1. Tell me, how many Å apart are the Cα centres for the range 290-315 and for the range 128-185?
2. Give me the base-10 log of I(q)/I(0) for the range 264-359 at each q in 0.10, 0.12, 0.14, 0.24 Å⁻¹, Debye formula, one uniform scatterer per Cα, rounded to two decimals.
3. On full extension of the chain, what length is gained from residue 60 through residue 278, given 0.36 nm per residue of separation minus the C-alpha to C-alpha distance?
4. On a 0 to 90 degree scale, rounded to 10, what angle separates helix 226-241 from the longest Cα axis of the chain?
5. Within the range 290-305, whose backbone N sits under 18 Å from a point 7 Å along Cα→Cβ of residue 208?
6. How would you rank 335, 49, 124, going from fewest to most other Cβ atoms within 10 Å of each one's own Cβ?
7. Taking square-rooted eigenvalues a ≥ b ≥ c of the alpha carbon gyration tensor, is the range 52-119 rounded, prolate or oblate, where a/c under 1.5 means rounded and, failing that, a/b exceeding b/c means prolate?
8. If only Cα atoms are counted, what is the Rg of the range 224-291, and what is its Dmax, in Å?
């Protein structure tokens, strides 16, 4: 018979004031402000992350995504990204540069992130007003929760009739590694976001492509301004405050023209088609009978918030979203002990920093 020591029992069950789930931009921002408020990592608050190493979703991005092509990397509070960059860093892979930065950040502020730990469920613990999070053989009881699980682990692929019959390859942005994988094949790229046009451009340099989107994409010539950013965030914030699912930021800001996309336009790559109606074994077909043979369908159709582990808390309303409140719409209206950052208006890297600070301030006030 195995003897369970008190030390082993303590590892399996622990109590903290605040549990932070996720150690990407949003989770590290929250951890920084908890640390700054005087709480001690590992005892007063605990950060759990399912990834094998620091870097959040950045460590899984495709190799061709460099600091030149990435759509911006924001500084975390209290430490500049530039501090960890080598000289002439423009062509450094984002999947190397950002994880290096996050690792240095965790070490500087002694955030003591526990990984790899996957939280499978969060529910109410009977009798004492605490939340209970289960992660493998561990149980963590917390007075408050900051959820920062992002979207990377929850890719969205819409269903179209016949998808299961397609004999070629189907993959999502999350699974993409290199355009070279598709040489000699015809690739249908589905999606109208920034990742979609970046990958469309890259793939079109080595093979033939067809680009389809559900709605007409809108490109912008003017630079991205703070006013444009505020307008986009305000629209998303209004939706989550009304309990609706967050909308697409690109639908407000439009797609930025880059030299690479201008070149793609000249090559005829950006001739977009409306979304097809059915998928057949060897291609896609539109309602008017048009058919395009395809070897690959690349779904650049975005992600959804990874919140399945919170299902027992019944945070979602009849509108399909989670009604949010608080100064920056991080607090769930259904339970003031729970804050979501990286959700809705705080899904951008800049928004995540501001939201981390607001969520910590409001949560500590709630907890007294």
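Just so it is clear, none of the values below were taken in a lab; they were calculated from the coordinates. From a predicted model like this one, the values you see are computed outputs, not experimental measurements. Ideal geometry is used to build each Cβ from the backbone, glycine not excepted, and the neighbour counts take in all protein chains shown.
1. 8 Å
2. The Debye formula, applied to the Cα set alone, gives -0.52, -0.65, -0.73, -1.25.
3. 75.4 nm is the gain from fully extending residue 60 to residue 278.
4. 70 degrees
5. Hits in the range 290-305 for residue 208 at 18 Å: 290-298.
6. 124, 335, 49
7. Oblate is the answer for the range 52-119, as a/c is 1.5 or above yet b/c matches or exceeds a/b.
8. Every Cα atom of the range 224-291 included, Rg and Dmax give 17.7, 46 Å.
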